[in-house]
Amino acid sequence: MRISRLLTNLSLVCATVLICAVSAEWGLRLGRRLYPSFYPTQMGWVGQFQNRPSTTFVVDPETGWRMRPNNSFAWVIGREEQSYRSNSQGFRSSADFDKGDQRTKFAFVGDSFTFGTGVTVDETFPALLEKGARDRISWNFGMPGFGVDQVWLSARHQALPLKPDLLVVGLVNADFERSQVPFRRLEGFGKPTFKLVGGRLTERLTEPAPNALMQFLDEDSRAWAMRRQVMQWVGFHLGWGEFWTLNEAIIAALREDCRQAGVPVLFVYIPIKGFKPFPALEAYMQRTGAEYIDLTAQRPVPPASIYLKYDGHLSAEGHRYVADLIENWLKAHPPVTVRAHP
């Protein structure tokens, strides 16, 4: 009798949960205009897609992709068309990066904000820190679409081997979400992706396709997307959960690589248009004593004009704003500035 009653209660609980889940899913679908952010997450799995051909980017086995070497192309951002050119190494520069350069060398890693989507190469904050200073050289390794994991790998495999005097890491809130995605559908490339196994970063290799239910939840469920966004909110604000611990481990690995290479590192948090703070990241940087610039902590608050009018990327004014913050940091942090401008 007790077992029968237990099974009955369990069935009622399962039925209630199922009804609530279906109701939530149906409600979010009907209210998609009110809840556009709860679009299916589409995280996917390693091996789900093959790389697509691209006239602008090529596969990079260490980071996922980079610019096609010695190539020029144009993108329309909002209503503006901008040209982009790569050097023979596949980075946004008119000249190759030379390890033997005797000037003070600044290396920059990051995503499209560091790359300079929407502005000319001379207007990017890496270029501005070099401009007018004959004793400086800036190397921009930033690449559109990169996640925190790719930013780390770019530092490890591309920037640090050239022995820069300073590594500047540009971080954007969207980069942290990308660390859990093995394939970037917008760019059409797979990327290295990691998981924590026993507290250690382990690369995710080819994975079997999930069952039909999990595929539906990932590809089509708005309720599942809402759940994932709640988990991300907890990670952003409280520093809890897999979303945060994975990215924290990646940042720690990047810092350890810099320590072993003897290269100081400066982190710069650049929020996407909307100026969303990142309490968990700020708390981590303070707790670990990392060098850190947070645009959301600046007073007075930067004007809206630091972003492009029709896009969330930094405008030329925004790149100048970031360059000035880094410049001020440099003046306060010798010996990095031994050969920097007065």
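Stick to Cα atoms and the Kirkwood definition of Rh, then tell me Rg/Rh for region 251-342.
Computed over Cα atoms, the ratio is 1.00.
In whole percent, what relative contact order does the chain give with Cα contacts below 8 Å and a gap of six or more residues?
Once normalised by length, the contact order is 20 percent.
Projecting each Cα onto the charge dipole of the chain (Lys/Arg +1, Asp/Glu -1 at the beta carbon, about the Cα centre), which of Val119, Ala323, Val234 comes out farthest on the positive side?
Going by the charge dipole, the pick is Val234.
At 0.36 nm per residue, and after removing the present C-alpha to C-alpha distance, how many nm does the segment from Leu213 to Ala283 gain when stretched out fully?
Between Leu213 and Ala283, full extension yields an extra 21.5 nm.
Lysine pairs in the chain 8 or more apart or on different chains: how many have alpha carbons under 24 angstrom apart?
So the count works out to 10.
As an exercise, use a Förster radius of 56 Å and the Cβ-Cβ distance of Gln42 and Asp98 to find the FRET efficiency, rounded to the nearest 0.05.
Approximately 0.85, to the nearest 0.05.
Taking the Cβ of Asp311 as the centre, find all other residues whose Cβ is under 15 Å away and add up their charges (Lys, Arg: +1; Asp, Glu: -1).
-2
For the ranges 160-172, 216-228, 80-92, what's the packing order if you count other beta-carbon atoms within 10 Å of each residue, average per peptide, and put the highest first?
Taking the mean over residues of other Cβ atoms within 10 Å, the ranking is 160-172, 216-228, 80-92.
Looking at region 177-249 from every direction and averaging, what is the projected area of its Cα convex hull in nm²?
Over every viewing direction, the Cα hull of region 177-249 projects on average to 5.7 nm².
What list do you get for Val58, Val119 if you sort them by fewest beta carbons within 10 Å?
In increasing order of surrounding Cβ atoms, one gets Val58, Val119.
How far, in nm, would the chain grow between Ser88 and Glu242 when pulled straight, counting 0.36 nm per residue and subtracting the alpha carbon separation?
Using 0.36 nm per residue and subtracting the Cα-Cα distance, I get 51.6 nm.
Quick one: Cα centre-to-centre distance for region 262-326 and region 104-144, in angstrom?
Here the answer is 15 Å between Cα centres.
Where nothing but the Cβ of Lys and Arg (+1) and of Asp and Glu (-1) is charged, how large is the charge dipole of the chain around its Cα centre, in debye to the nearest 20?
Result for the chain is approximately 560 debye, rounded to the nearest 20.
If you take the alpha carbon radius of gyration of the chain and divide it by 2.2 N^0.38 Å, what ratio comes out, to two decimals?
Dividing the Cα radius of gyration by 2.2 N^0.38 Å gives 1.10.
Read-outs throughout are calculated quantities, based only on the coordinates presented, and are distinct from any laboratory measurement. Given the structure is predicted, the values throughout are model-derived calculations rather than measurements. We place every Cβ from the backbone using ideal geometry, glycine too, and count neighbours over all the protein chains shown.
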